[in-house]
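One structure is given here, and the rest of the page talks about it.
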Amino acid sequence: MTESTIFTIAFILYIGSAFFYLAYLYSKRENLAKTGSAIALFGLLLHTLALILRTVESGHAPFTNMYESLSFLAWATVFAYLVIEWKYKVRKPGAYLLLIVVALMALASSPLMPKNATPLVPALQSYWLWLHVSVTLLGEAFFAIAFITSLMYLRAEAREKKGQAPKTGLTAERLDSISYRAISVGFPLFTLGGLVFGMVWAYKAWGTYWSWDPKEVWSLITWFAFALYLHTRIVMGWKGRRSAAIAIFGFLAALFTYFGVNYLLAGLHSYA
Amino acid sequence: MYRALKNFFTSIKVAIVLLIILIAASILGTLIPQGRSAQEYLVRYGQIGGLFQKLQFTRLYQSVWYIAILALFSLNIIICTLVRLSPKLHRAFRPKCDLDPTSVQVLKVKDRIKMAQQPAWAAQAIKAELGRHHYRVREHTAEKKHCFLARKRILGIFGSDVVHLGLLIILAGGIISGLTGVRGSLTLSENQTLPVPEAGFSVRLDKFITDLYPDGSVKDWKSELTIIEGNKPVLQKSVEVNHPLSYKGFVFYQSGYGSDWENPELQVWLKKKNDPGYLKTIWLRVGQPTAVEGEDLVLTATRFLPDFVLDEKNQPSTRSLELNNPAVLIQGERYGAEVFSGWIFAKFPDFAQMHQAQEGEFKPELKDAKAQPYSVLQTAKDPGVSLIWVGCAVLMLGLFLAFYWPTREIRLVLEESQGKTEISAGGISAKSREVFQSEFDGIMSALRKTK
């Protein structure tokens with residue numbers, strides 16, 4: 001089987017997993033969610049195989065164009081979600097996260113994304129490509145989880161105010177705490193991959209560790225946003241709605257760093 | 001005044017406001033293209049363009065006000081960190097052991113145990129059990145009461161301070177880079193030697209190589225360089241993209257390449273219209289009149305364009321530095337009188353529109369054009385860079401301590417009553433209280449079982 005066939009099967013499995021998680025959301029039957037996460041895990045394993053095959057075939061890290069990096073971001077999001085689900089025993093965010101994953105996979109498979117593995121331009125031939133992109137995207141995947149749990153928090157909090165008890169035992173307070181946990185993992189990863197490894201690589205390739213390129217500035221903005229989240233929470237004791245709002249803004253900034261900068265702002269990071 | 005200043009800088013609210021301003025300003029800087037010409041801003045924004053320049057929005061990240069916000073922010077970080085440091089140092093190195101059992105019972109994680117043995121015996125059991133869980137135990141005895149203070153991963157409380165220290169080191173590195181860093185660029189053709197500005201040594205390009213993939217796209221550029229100091233070669237190394245060369249604090253990066261189309265070698269075929277068997281091959285250099293053997297003719301290439309195009313003013317110019325549409329302005333003279341002149345095109349040999357003195361005698365064709373490749377090297381001397389890497393390492397260490405080295409503390413107060421021991425225990429954990437609670441409960445139940 002080729003890499004693209006395996007990729008497609010993984011894609012279909014993610015769709016199946018999203019379907020089961022959604023069914024769980026409506027029926028509250030725990031077994032549906034368990035099936036959903038088993039399918040997601042199987043999809044993740046196949047997706048891993050597809051990424052390995054791609055690496056072997058092209059001879060370079062599988063994130064050098066938009067198709068490859070979208071595929072890797074989808075992989076990282078499933079991975080991060082399964083870790084959080086396993087660790088904190090929450091299954092409800094699965095439906096929304098798998099929908100995000102399906103959207104990423106659909107975008108990756110769309111005809112707009114050139115899929116053929118092109119030879120690497122000189123600037124990307126570096127092991128820092130591995131370190132910089134993989135760690136950054138993994139960090140962003142955890143921000144995606146905080147984004148979803150923060151949105152869920154806002155809804156749960158509004159319901160609890162009206163006196164409705166949460167149906168699956170997932171309280172607003174717990175969602176707030178999971179957002180914080182996800183950011184506690186994502187923030188150090190993003191700092192290491194996005195900022196530190198990025199600076200080292202920029203110094204090696206361009207001769208300057210920081211050049212105020214729009215992508216650099218936007219990753220700094222993302223970093224500031226999550227620094228704001230942590231300080232308001234830990235030092236000033238903010239929780240709940242305001243924290244959720246900052247986490248949502250932070251993820252949107254990360255998303256803009258990843259997507260928007262490439263399409264809307266010109267700069268040095270014109271590869272992917 | 002002093003108090004107001006101190007309150008200003010120790011306030012976390014001020015830090016938050018500065019952080020929000022920094023976010024907003026940084027976003028603004030990505031919306032307005034930075035460092036363009038005044039002309040371009042006028043075209044893009046009209047009258048407001050001038051205002052943007054006055055407010056330094058067009059060089060925002062180097063502007064006085066952006067740097068001022070950064071400076072205020074750094075000052076706030078320094079002062080906030082110092083103010084919070086002293087109680088933390090006390091807690092870490094000179095902790096107090098409170099002998100009052102109620103001080104333990106107000107903690108969120110807590111328990112009470114009665115042991116049938118003497119306190120001295122209980123103390124041994126407590127120390128053994130806490131040691132098994134990697135706690136370091138401090139002991140204090142007074143008024144027949146024993147107090148135990150057991151902690152682990154105490155360095156975790158300094159995580160945020162270490163992060164702040166890392167950031168400050170990075171900022172210091174940035175200031176040094178900005179004030180003392182030197183950047184330049186060297187354009188070298190093969191065998192050319194150029195002095196490196198402000199360095200006291202020179203660089204020679206020995207060879208410039210472009211590696212291609214089988215499909216023709218560029219795989220790599222390599223410049224083989226020799227550093228020459230005091231007329232002696234001291235170091236030879238090849239520089240590639242992502243693999244710079246360092247020498248005496250100067251770093252050389254492969255940043256560009258090109259061909260020297262100002263000074264090409266041109267191959268021209270000279271044909272005669274009325275003599276199909278006639279063909280002469282002539283090599284020309286721009287601006288150097290070259291005699292054609294066997295004819296009383298002198299050819300001169302006066303101008304060469306690698307990618308010929310007529311610009312808006314209908315003047316010949318080049319669209320790129322690639323050989324897409326090479327053209328040469330050529331002139332033929334006999335005894336100082338022009339025989340023909342005009343542009344000839346390698347891709348369109350019949351397109352030439354010549355001014356001919358004698359109708360159609362000669363037909364020159366451009367067959368080939370070669371140019372010396374040159375390599376563009378960025379040079380940089382950045383004394384701030386090592387501080388940046390130290391700062392990054394400190395920053396990551398701090399993040400690790402802050403997030404993954406949670407300090408745990410268990411306090412126990414032992415009181416004797418009628419030969420038996422009453423223990424009040426309580427605990428504090430910076431993070432993951434559930435995990436700590438189960439560890440605490442485990443220790444307590446182990447103590448209950450000791451006999």
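No value in this document is a laboratory result; all are computed from the given coordinates. This is a predicted model, so every value here is computed, not measured. Backbone-built Cβ (ideal geometry, glycine too); neighbour counts: all protein chains shown.
Quick one: net charge around B:GLN34, please, counting Lys, Arg +1 and Asp, Glu -1 for every other residue with C-beta under 14 Å from its C-beta. Within the 14 Å Cβ shell, the charges total +1. For the protein assembly as shown, a crude dipole built from +1 on the beta carbon of Lys and Arg and -1 on the beta carbon of Asp and Glu, taken about the Cα centre, is about 5060 debye to the nearest 20.
What length, rounded to one decimal in nm, is gained on full extension from B:GLU293 through to B:LEU155, with 0.36 nm per residue of separation minus their alpha-carbon distance? The partial results should precede the final answer.
Details: separation 138, 0.36 × 138 = 49.68 nm, distance 8.77 nm.
Length difference between fully extended and current span is 40.9 nm.
Quick one: net charge around B:GLU229, please, counting Lys, Arg +1 and Asp, Glu -1 for every other residue with C-beta under 15 Å from its C-beta. Walk me through the intermediate numbers first.
Working: positive: B:ARG204, B:LYS232, B:LYS237, B:LYS248; negative: B:GLU198.
The answer is +3.
Between the alpha-carbon centres of segment B:32-83 and segment B:151-200 there is a gap of 22 Å.
Provide A:TRP223, B:TRP389, A:TRP86 in ascending order of the number of other Cβ atoms located within 10 Å of each residue's Cβ, fewest first. Spell out each step's value before the answer.
On the way: A:TRP223 20, B:TRP389 17, A:TRP86 11.
Ascending number of Cβ neighbours within 10 Å: A:TRP86, B:TRP389, A:TRP223.
Ordered from longest to shortest, the equivalent ellipsoid semi-axes for segment B:263-348 are 24, 14, 12 Å, each the square root of 5 times a Cα gyration tensor eigenvalue.
Which helices of chain B meet both criteria: a Cα extent of 30 Å or more along the helical axis and a mean Kyte-Doolittle score no lower than 0.5, with helices taken as whole DSSP H segments?
Details: long enough: B:64-93 (42 Å, 1.38); B:159-180 (31 Å, 1.65).
Passing helices, by number: B:64-93, B:159-180.
Of all aspartates and glutamates in the structure, those lying under 15 Å Cα to Cα from A:LYS87, and not within fewer than 8 positions of it along the same chain, are B:GLU434.
For chain A, the spread of Cα positions along the three principal axes, ordered from largest to smallest, is 60, 49, 29 Å. The separation of segment B:268-323 from segment B:94-129, counted between C-alpha centres, amounts to 99 Å. Under 17 Å of direct C-alpha separation, and excluding same-chain neighbours fewer than eight residues apart, B:LYS280 reaches these lysines: B:LYS271, B:LYS272, B:LYS363, B:LYS367. Spacing of the modelled spin labels on B:SER63 and B:ALA120, each 7 Å from Cα toward Cβ, amounts to 7.5 nm. Remark on chain B: B:CYS80, B:CYS392 stand apart, with no other cysteine beta carbon under 4.7 Å. Over segment A:1-116, the fraction of Cα-Cα pairs per 5 Å bin, rounded to whole percents and listed from the shortest bin up, is 2, 13, 23, 24, 16, 11, 7, 3, 1, 0. Note on segment B:227-316: Cα Rg divided by 2.2 N^0.38 Å, N the number of residues, gives 1.83. Counting only Cα atoms, the size of the protein assembly as shown along its three principal axes is 132, 63, 53 Å, in decreasing order. Of the DSSP H helices in chain A, those with a Cα length along their own long axis of 15 Å or more and a mean Kyte-Doolittle hydropathy reaching -0.5 comprise A:3-27, A:30-58, A:66-88, A:93-109, A:127-161, A:172-190, A:214-234, A:241-255. Let me know the shape class of segment A:92-143, please: from the alpha-carbon gyration tensor, a ≥ b ≥ c as square roots of the eigenvalues, rounded when a/c is under 1.5, otherwise prolate if a/b is greater than b/c, or oblate. Oblate, since a/c reaches 1.5 and b/c is not below a/b.
Residues A:THR77, B:THR318 in ascending order of nearby Cβ atoms (within 10 Å, fewest first): B:THR318, A:THR77.
Based on Cβ point charges of +1 for Lys and Arg and -1 for Asp and Glu, what charge dipole magnitude is obtained for segment A:1-116 about its Cα centre, in debye rounded to the nearest 20?
The dipole magnitude comes to about 520 debye.
What translational diffusion coefficient, in µm²/s and rounded to a whole number, does the Stokes-Einstein relation yield for chain B at 37 °C and a viscosity of 0.692 mPa s, taking the hydrodynamic radius as the Kirkwood radius over Cα pairs? Once the numbers are plugged in, D ends up at 107 µm²/s. Which residue, chosen from B:CYS392, B:ASN324, B:PHE345, occupies the Cα position most advanced towards the positive end of the dipole of segment B:299-451, where the dipole is computed from +1 (Lys, Arg) and -1 (Asp, Glu) charges on Cβ about the Cα centre? Farthest towards the positive end: B:CYS392.
Computed over all pairs of different Cα atoms, the Kirkwood value for the hydrodynamic radius of segment B:2-89 is 14.9 Å.
Structure shown: which of B:LYS88/B:LYS152; A:LYS204/B:LYS207; B:LYS96/B:LYS449 lie over 25 Å apart, alpha-carbon to alpha-carbon? Don't skip to the answer; put the middle values down first.
Values: B:LYS88/B:LYS152 15 Å; A:LYS204/B:LYS207 22 Å; B:LYS96/B:LYS449 29 Å.
Violating the 25 Å Cα-Cα cut-off are B:LYS96/B:LYS449.
Dimensions of segment A:125-272 based on its C-alpha atoms, expressed as ranges along the principal axes with the largest first, amount to 58, 29, 25 Å. Take the alpha carbon atoms of segment A:14-61, find their center, do the same for segment B:207-258, and report the distance between the two centers in whole angstrom. Distance between centres, Cα-based: 46 Å. Each of A:LEU13, A:ALA74, A:ILE84 was placed along the dipole of segment A:1-92 (beta-carbon charges, centred on the mean Cα), and the one lying farthest toward the positive end is A:ILE84.
In debye, nearest 20, what is the charge dipole magnitude of segment B:265-371 about its Cα centre with +1 on Lys and Arg Cβ and -1 on Asp and Glu Cβ, if you could check? Mind showing how you got there, number by number?
Details: 13 positive and 16 negative charges, 32 e Å.
Value, rounded to 20: 160 debye.
Within the shell defined by Cβ-Cβ distances under 11 Å, the residues around B:TYR404 carry a net charge of +2, with Lys and Arg each +1 and Asp and Glu each -1.
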